[in-house]
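What follows is one structure encoded as structure tokens, with my remarks underneath.
The values are calculated or read from the model by the stated rules, or taken from the named source; none is laboratory data. If you're wondering where the values come from, they're calculated on a predicted model, not measured in any experiment. For neighbour counting, all protein chains shown are included, and Cβ atoms are generated from backbone atoms with ideal geometry for every residue, glycine included.
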């Protein structure tokens with residue numbers, strides 16, 4: 001769009017272009033691709049401990065989910081890892097996983113919980129630091145940031161354990177936990193509302209992360225634009241990544257075996273980029289239309305037009 005065309009455009013178009021330009025410029029100045037790689041690395045390090053928690057917890061819920069739920073959990077726990085583990089590694093993993101899932105190991109849950117709190121809080125701590133950089137503000141003192149990171153990690157673990165069965169089973173979970181008459185009457189409605197409701201839940205979680213991730217407080221709804229952008233970028237990039245891996249590895253057995261770990265690493269990186277892009281957008285909105293709290297504290301002064 002040329003400058004003369006932009007000047008003749010409606011004000012909302014000019015505002016959108018200006019906001020987009022500022023966001024892209026600050027994204028590059030703040031080294032978002034590099035910061036996203038750091039956040040993705042710390043998240044990747046925390047995954048083994050999280051898997052321990054999940055495996056240890058599945059043994060307590062598998063019986064309650066019934067045969068259909070058990071089949072879905074078996075697919076998640078045993079079939080997916082087979083695609084990227086070597087044969088020897090998979091045999092070792094499958095033996096441990098089957099014992100843990102069938103027996104419900106409380107000791108594994110506690111060990112995994114402690115490890116995931118340590119590694120996960122480090123990942124969240126780094127994410128909070130990168131979000132503060134995106135907002136162009138000085139991060140909280142290290143000890144306060146670690147406390148916030150620990151609280152968010154605990155909340156995330158509780159949410160993951162609660163949401164995982166719903167993610168695995170989808171609306172069918174109603175049929176497993178509700179009486180048959182209730183399930184039949186509500187399943188069709190829930191099938192329509194389930195994924196939009198889950199999307200709203202993710203949106204609220206992202207906005208809350210932005211709300212708590214910076215040293216000052218703005219109204220919660222002011223963090224929604226960045227959450228919407230982050231979720232849109234994440235969905236689009238995840239879809240393109242999935243399509244690329246499906247097409248690129250369909251005739252290559254070696255690539256099919258390597259495709260899943262590659263996808264995990266790239267997906268974590270894409271998720272971190274999306275998260276930081278949302279933070280950059282929220283920061284630019286706050287600079288362009290600062291709230292009273294921002295003006296009072298002046299952590300990120302508005303730019304001159």
Legend entry - Close pairs from the stretch 131-144: first at positive phi and in contact (Cβ under 8 Å) with a residue 24 or more places away in the chain, partner part of a loop (DSSP other than H, G, I, E, B) and surrounded by 12 or more Cβ atoms within 10 Å (Cβ to Cβ), Cβ under 6 Å, at least 6 apart: 136/300
Legend entry - Subset of the stretch 220-235 (residues that are over 14 Å from the mean Cα position of the chain (by Cα), surrounded by fewer than 20 Cβ atoms within 10 Å (Cβ to Cβ) and within 17 Å of residue 134 (Cα to Cα)): 222, 224, 225
Inset, instruction - Answer with yes or no whether residue 130 is surrounded by fewer than 16 Cβ atoms within 10 Å (Cβ to Cβ), at pLDDT 70 or above and either more than 21 Å from the chain's Cα centre (by Cα) or within 28 Å of residue 217 (Cβ to Cβ) (or both). - result: no
Legend entry - Selected residue (only one of 54, 32, 24, 13 is in contact with a helix residue (DSSP H, G or I) (Cβ under 8 Å, 6 or more places away or on another chain), at pLDDT 80 or above and surrounded by 13 or more Cβ atoms within 10 Å (Cβ to Cβ)): 32
Legend entry - Among the residues listed as 303, 217, 296, the single one being assigned to a helix (DSSP H, G or I), at pLDDT below 85 and either touching a helix residue (DSSP H, G or I) at 6+ places or on another chain (Cβ under 7 Å) or surrounded by fewer than 15 Cβ atoms within 10 Å (Cβ to Cβ) (or both): 296
Inset, instruction - State whether one or more residues within the stretch 65-74 are surrounded by 16 or more Cβ atoms within 10 Å (Cβ to Cβ), assigned to a helix (DSSP H, G or I), at pLDDT below 70 and out of contact with any helix residue (DSSP H, G or I) (no Cβ under 7 Å at 6 or more places or on another chain). - result: yes
Inset, instruction - Among what's in the stretch 110-127 and is at pLDDT 75 or above and surrounded by 19 or more Cβ atoms within 10 Å (Cβ to Cβ), pick the residue that is farthest from residue 206 (Cα to Cα). - result: 119
Inset, instruction - Please give the number of the condition residue 270 fails out of (1) under 23 Å from residue 47 (Cα atoms); (2) in contact with a helix residue (DSSP H, G or I) (Cβ under 7 Å, 6 or more places away or on another chain); (3) at pLDDT 70 or above; (4) surrounded by fewer than 18 Cβ atoms within 10 Å (Cβ to Cβ). - result: (4)
